[in-house]
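Here the structure comes first, spelled out in structure tokens, and everything after it is commentary.
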Amino acid sequence: MAVLARRVGVVDRPVDERRMHARVTPLLGGLAIYLAVMVPTLVLVQKDAATKAILVGGSIVALVGVIDDYADINPLLKFAGQIAAIAALLAYGVRIEFLSLPLTSVTVTLHPAVAIPLTVLWVATIINMVNFIDGLDGLAAGVCAISALTFAVIALSLDRGTTGIAAAILAGAGFAFLRFNFYPASIFMGDAGSMLLGYVLAVISIQGVLKSTAAVALIFPLLVLGVPFADLFLVVVRRLRRGVPVYTSGRDHVHHDLVLVAGFSQRTSVLLLYGWCLLLNGLALAMRFHAWTAVVVLGIGALAATGSMGRLLLRYRARDLAAAGGDGAGPGPAVGDAAGPEISGPPVDRRQARRAASHRRHGRHARGSGDTVGR
């Protein structure tokens, strides 16, 4: 795929400040993920509604992603492609039909007028938040692989074998891709890969978890996908405070803070986020199997990790903003992002100097955010 990407010019070039990698890197890793998911699914998985939704909708988002990786299409067209994939999902009857209230035996059946918009919102959110975290070598692939493996165990334990097998296939594809995508990456998944991973995870979360009557069914996906959800929440809050459109690209994600502000190497930053993800996924599994001692231990660990991550990011960002002489609350000057205002921080020359020093120390070539707009 890397050779093909270079020949047709589907590569990520470090042409602006927002992109932090130092070399041209092929982008067609998403096609490898697509084949690794679709071929085993066609051969091994029973063709029920969820499987058909994965095959058809997954093909749509992968195609849209490849086109965007090649031609950098308008963000509205890309979102329209996501909606087309979600429409295929709905056409096969995959939707959030009811919700089990956490820690109770109460189940609320949703009217189609509520179920359909909620499903659209849920799937679109997961597609784009996976796209958001695709900003460091191996981050999106690793987090999605861990999450898919957890969903596989939970779905199989709930007698949802088809969805469980599909989740295991997705996990295998993600872990296999890490061989080429973990730091230093030789290929990026591009939007084709990140949107496909997000879409399939969304289908699995609906069909394998949310449709169950387990008392904690609603909590499972929030824990399993806790790291992407936390990053999405942080980015939305930051951009709304600054008056920046949420859909613009930028370097205000958790992984950017760890590398650019806190000063961790790219490898260390990704491993820290893997650890946070593993704690949250372990907690979800402990809750599913009623291992209450593990729930207490992992719950304390997850809370401690979340609190430590929050304090770390707040401390270093406050120090960074103080050095810049601003509070970061309002729109500031652009930092390598032609789409709009970027995160407040030191002037570009100091940022570039710090990046250059960091490259010399760690040899890293972290790339820019995988936001929906402005790759």
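The values are calculated or read from the model by the stated rules, or taken from the named source; none is laboratory data. This is a predicted model, so every value here is computed, not measured. Neighbour counts run over all protein chains shown; Cβ positions are idealised from the backbone, glycine included.
So which residues in the stretch 65-86 are among the small types (Gly, Ala, Ser) and touching a residue at least 12 places away in the same chain (Cβ under 8 Å), if there are any at all?
Gly65, Gly81, Ala84, Ala85
Please go through the stretch 169-218 and pick out each residue that is out of contact with any Lys or Arg (no Cβ under 9 Å at 6 or more places or on another chain), within 22 Å of Leu271 (Cβ to Cβ) and aromatic (Phe, Trp, Tyr).
Of everything in the stretch 169-218, those that are out of contact with any Lys or Arg (no Cβ under 9 Å at 6 or more places or on another chain), within 22 Å of Leu271 (Cβ to Cβ) and aromatic (Phe, Trp, Tyr) turn out to be Phe175, Phe177, Phe180.
Where in the stretch 141-238 are there helices (runs of 4 or more DSSP H), lying fully within it, with 1 or more residues that are of a type in the set (A, V, I, L, M, F, W, C), under 21 Å from Gly65 (Cα atoms) and free of Cβ contacts under 8 Å to residues at least 12 places away in the same chain?
none
Just wondering, is there one or more residues in the stretch 61-70 that are more than 20 Å from Gly135 (Cβ to Cβ) and out of contact with any Leu (no Cβ under 9 Å at 6 or more places or on another chain)?
Looking for residues that are more than 20 Å from Gly135 (Cβ to Cβ) and out of contact with any Leu (no Cβ under 9 Å at 6 or more places or on another chain), one finds at least one in the stretch 61-70, hence yes.
Pairs only if they're at least six apart or on different chains, beta carbon under 9 angstrom, first in the stretch 36-63 and without any contact (Cβ under 8 Å) to a residue 60 or more places away in the chain and farther than 16 Å from Ile206 by Cβ, second hydroxyl-bearing (Ser, Thr, Tyr) and part of a helix (DSSP H, G or I); list them, first residue then second.
Pairs found: Met38/Ser59; Leu42/Thr51; Lys47/Thr162; Ser59/Tyr34; Ile60/Tyr199.
Filter the stretch 11-31 down to residues that are surrounded by 21 or more Cβ atoms within 10 Å (Cβ to Cβ) and among the hydrophobic types (A, V, I, L, M, F, W, C) and give me whichever is modelled with the highest pLDDT.
Among them, the one singled out is Leu31.
Of the residues Ser157, Ser194, which single one is small (Gly, Ala, Ser), touching a Phe, Trp or Tyr at 6+ places or on another chain (Cβ under 9 Å) and farther than 22 Å from Thr125 by Cα?
Matching residue, one of Ser157, Ser194: Ser157.
Given the conditions (1) out of contact with any helix residue (DSSP H, G or I) (no Cβ under 6 Å at 6 or more places or on another chain); (2) polar (S, T, N, Q); (3) outside any helix (DSSP H, G or I), and given that Gln46 satisfies all but one, which numbered condition is not satisfied?
Exception for Gln46: condition (1).
Of Phe220, Phe180, Phe188, which residue is surrounded by 24 or more Cβ atoms within 10 Å (Cβ to Cβ), at pLDDT below 95 and more than 24 Å from Ala302 (Cα to Cα)?
Testing whether each residue is surrounded by 24 or more Cβ atoms within 10 Å (Cβ to Cβ), at pLDDT below 95 and more than 24 Å from Ala302 (Cα to Cα) leaves just Phe188.
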